[in-house]
1. Given charges of +1 on the Cβ of Lys and Arg and -1 on the Cβ of Asp and Glu, with all other atoms neutral, how large is the dipole of the range 9-249 about its Cα centre, in debye to the nearest 20?
2. Give me the net charge of Pro195's neighbourhood, meaning all other residues with Cβ under 11 Å from the Cβ of Pro195; Lys, Arg count +1, Asp, Glu -1.
3. Among Lys21/Lys90; Lys10/Lys177; Lys69/Lys141; Lys138/Lys212, which pairs are too far apart, with a Cα-Cα distance over 20 Å?
4. What 222 nm value per residue comes from the helices of the chain, counting each DSSP H run with n ≥ 4 as -39,500 (n - 2.57) and dividing by all residues, nearest 500 deg cm²/dmol?
5. Can you compute the equivalent ellipsoid semi-axes for the range 37-122, i.e. the square root of 5 times each eigenvalue of the Cα gyration tensor, sorted largest first and rounded to whole Å?
6. Provide the net charge surrounding Gly45, with neighbours chosen by a C-beta distance below 14 Å and charges set as Lys +1, Arg +1, Asp -1, Glu -1.
7. I need the fraction of alpha carbon pairs in the chain separated by more than 28 Å, rounded to a whole percent.
8. Treating only the Cβ of Lys, Arg, Asp and Glu as charged (+1, +1, -1, -1), what charge dipole size does the range 42-119 show about its Cα centre? Round to the nearest 20 debye.
Amino acid sequence: MSVNVAYGAKIAIVIDDIGYKTSDKQLLDMDAQLTYAVLPHTPLGFQYAQQATRNSRDVIIHLPMQANKDNRLLGKGALTHDMSKRQYQKTLLAALEDIPFAVGVNNHMGSLLTRQEQPMAWTMELLRQHNMFFLDSKTTKNSKVEQVATRYGVGSLERNVFLDHNRSHAAIEWQFKRLINVAKRDGSAIAIGHPYRETIEVLSRRLVELDKLGVELVPLSQLLDQETHLVETSDDRDTSTEQVSASDFAPQ
Ligand SMILES: [Zn+2]
């Protein structure tokens, strides 16, 4: 397929784990169309989600979902595999009520839960009722998110790059380059980062250069339609060249 995507490539950058630290505010105050993934039931989550919404930024709920390990990092309102449907949807609904500004969700951790059909079906059932989409953080390569979302008619997206799994400046710069390359190849790409000092520094440097590169930073929800469009029109799209490393599936 030869389509000129060098011009008009779009990226979305989602900042996870918002809600615990006053230093998150640096990212909220940035003059850029970042998307904020806010943890429910956190001291600052509601306030920051409200501020982001007032600034016309996308807010999504960063849903704590059970992982294969390190589940002490899940935080409040976690969804786990041993819950009944009633318990599960009640917990999910409480998160939606806590952050009422959200247009979608993504998973915090979730390497165990996102590969299980039943909890994903219960999730999509509620998301469809609330007209919300699911960004798969892709903490496992066996995720069922896209498959189950499609069945329920829920919009879904997939993270391409983790910016700061390794927190060194060099590593974050390298992942940012990957993000740009994927966007130029596919027309769009999605990165997830965290409210780390190093991430803020790299973003401050690189986001001002996007114009020059012909790349546009857009709210995450803007990529929903485009994704559908790409799937419909480019069945010969070659994804085999994408490098996948072990760190791509680390718990985040
Ligand atoms: Zn997270």
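We did not get these values from a lab; they are worked out from the coordinates using the rules stated. What you see is a predicted model; the values in this text were computed from it and never measured. Cβ coordinates were reconstructed from backbone atoms using ideal geometry, including for glycine residues, and neighbour counts include every protein chain displayed.
1. With Lys and Arg at +1 and Asp and Glu at -1, about 580 debye.
2. -2
3. Pairs exceeding the cut-off: Lys21/Lys90; Lys138/Lys212.
4. Dividing the helical sum by the residues of the chain leaves -11000 deg cm²/dmol.
5. Over the Cα atoms of the range 37-122, the ellipsoid semi-axes are 23, 13, 11 Å.
6. Residues near Gly45 contribute -2 overall.
7. 28
8. 80
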